[in-house]
Amino acid sequence: MASGLDTLCGQAYGARQYQMVGIHTNSAILSLILVTLPISLLWVSMGKLLSLIGQDPQISHEAGKYIVWMIPGLFAFAITQPLMKFLQSQSLILPMLLSSLAAICVHIPLCWAMVFKTGLGNIGAALSISISYWINVLILVLYIKYSDSCREARVPPSMADFKGINEFLKLAIPSAVMICLEWWSFELLVLLSGFLPNPRLETSVLSICLTSIAMLYNIPYGLGCAASTRISNELGAGNPEGAHLAFRVVISITIMEALVVSVTIFGLRRVIGYAYSNEDEVIDYVREMVPLVSISVITDSCQGVLSGVARGCGWQHIGAYINLAAFYLAGIPIAVVLAFLLHIGGKGLWIGILSGAVIQSSLLGVVAIFTNWQKQAVLARKRTLEERSLLQSDLK
């Protein structure tokens, strides 16, 4: 949902409507905290819910314990994400980098101590993540409050924040749908793997592959954030040529990045499993899955950047429709057929989702290539002018 700020804050900053950047951020924090409350209730019951749908009781119990201790981190995340979008829209990247470095420097020894020295195990891992998230929040809040770089966009809480919720939700909901439809499809792989023969092996290996993909996805996601910032700033400033140039540049960089990472992962296929497990059965299975993961790296890189382009332009709703069609009308059905009807197992599940990812990237690419940048600039200017009128009426 916070990705809605990629459009709102980015275009407002490009149009020099600095106060609107702060108002949108405040509205987003308020909205996300409210959304976090029902999610927390769902997480409290997650262990029982997993058992009810037929998952392994031991796996369900451990997952339930882990996610309950992630709830404090969930609230921190609801604050961190809008703050990061606030800084990102103004190209203030160094503070985010330094805060993340500080948080991870604390997190690594804290996590090691809480997992191995306190005997908390999985609970210690979850709790250390929550603590690290709150450290990140504290650093970002202090920077935004006292830095001169944020002076123009820094806005104290007001009634305008409540009126901005509606504008935020118009983009936040399709943003969430676009992102969740994709990531839920990958999470669904892990759930489906629990129904395969030897579910512990299948679940372990698919979780390893998913974790690897999520880690590697941070590279194209960063490129997508950069594209989103540049494109939204240029469109807000009424410069469609600059936005189109940013699109072409980031796509060129992404293609090179995807090829390098994909080839590297394939070359390391015999050793990747050792990073996660010391069981030969798991390591051998991971090695068999790595060629599919390498292809997924390419599709994920393309969609990560193209999703950033979508957020910068404000056509998240189109991305949501594309993801729905690609994964739930094609990818998931193919995965089920391959895994359960043709008995290919975990590989079949991954091939199905990979098929959906190829369709998704192709459709997003077509939309981006044929985007009317002049029209997008006009829409961005119209949106920022309407927001300025709203702000002026609230101040009166």
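The values are calculated or read from the model by the stated rules, or taken from the named source; none is laboratory data. This one's a predicted model, so the numbers in the text were calculated from it and none came from an experiment. No Cβ is skipped: glycine too gets one built from the backbone with ideal geometry, and neighbour counts run over all protein chains shown.
Observations on the model:
- With respect to the conditions (1) at pLDDT 90 or above; (2) of a type outside the set (Val, Ile, Thr); (3) under 29 Å from VAL286 (Cα atoms), TYR321 falls short on a single one, namely (3).
- Residues that are in a helix (DSSP H, G or I) and either more than 11 Å from PHE168 (Cβ to Cβ) or acidic (Asp, Glu) (or both) within segment 1-18 comprise ASP6, GLY10, GLN11, ALA12, TYR13, GLY14, TYR18, listed in sequence order.
- Taking (1) surrounded by fewer than 19 Cβ atoms within 10 Å (Cβ to Cβ); (2) in contact with a helix residue (DSSP H, G or I) (Cβ under 7 Å, 6 or more places away or on another chain); (3) assigned to a helix (DSSP H, G or I) in turn, ALA258 satisfies each apart from (1).
To keep it simple, each residue is scored yes or no on (1) crowded, with 17+ Cβ neighbours inside 10 Å; (2) closer than 30 Å to TRP315 by Cβ; (3) of a type in the set (D, E, K, R).
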{"position": "TYR13", "(1), (2), (3)": "yes, yes, no"}
{"position": "MET20", "(1), (2), (3)": "yes, yes, no"}
{"position": "ASN26", "(1), (2), (3)": "yes, yes, no"}
{"position": "ILE33", "(1), (2), (3)": "no, yes, no"}
{"position": "ASP56", "(1), (2), (3)": "no, no, yes"}
{"position": "TYR66", "(1), (2), (3)": "yes, no, no"}
{"position": "MET70", "(1), (2), (3)": "yes, no, no"}
{"position": "LEU74", "(1), (2), (3)": "yes, yes, no"}
{"position": "THR80", "(1), (2), (3)": "yes, yes, no"}
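- Answer residue from segment 135-151, given it is surrounded by fewer than 18 Cβ atoms within 10 Å (Cβ to Cβ) and not polar (S, T, N, Q) and is farthest from LEU110 (Cα to Cα) among those: ARG151
- Complete set of residues in segment 354-376 that are among the small types (Gly, Ala, Ser) and free of Cβ contacts under 8 Å to residues at least 60 places away in the same chain: SER355, SER362
- Within segment 144-190, considering residues that are in contact with a Phe, Trp or Tyr (Cβ under 8 Å, 6 or more places away or on another chain) and not assigned by TED's automatic domain parsing to the domain that holds ALA335, the one nearest to LEU210 (Cα to Cα): ILE144
- Qualifying residue in segment 248-260 (condition: under 16 Å from LEU292 (Cβ atoms) and over 17 Å from the mean Cα position of the chain (by Cα)): yes
- If you filter segment 196-241 down to residues that are outside any helix (DSSP H, G or I) and of a type outside the set (A, V, I, L, M), you find that the one that is nearest to GLN11 (Cα to Cα) is GLY238.
- Output for segment 107-122, where each listed residue is of a type in the set (A, V, I, L, M) and touching a helix residue (DSSP H, G or I) at 6+ places or on another chain (Cβ under 6 Å): LEU110, MET114, VAL115, LEU120
- Count - residues of segment 152-166 that are surrounded by fewer than 18 Cβ atoms within 10 Å (Cβ to Cβ) and of a type in the set (Lys, Arg): 1
- Every condition in (1) touching a residue at least 60 places away in the same chain (Cβ under 8 Å); (2) assigned to a helix (DSSP H, G or I) holds for LEU245 except the one numbered (1).
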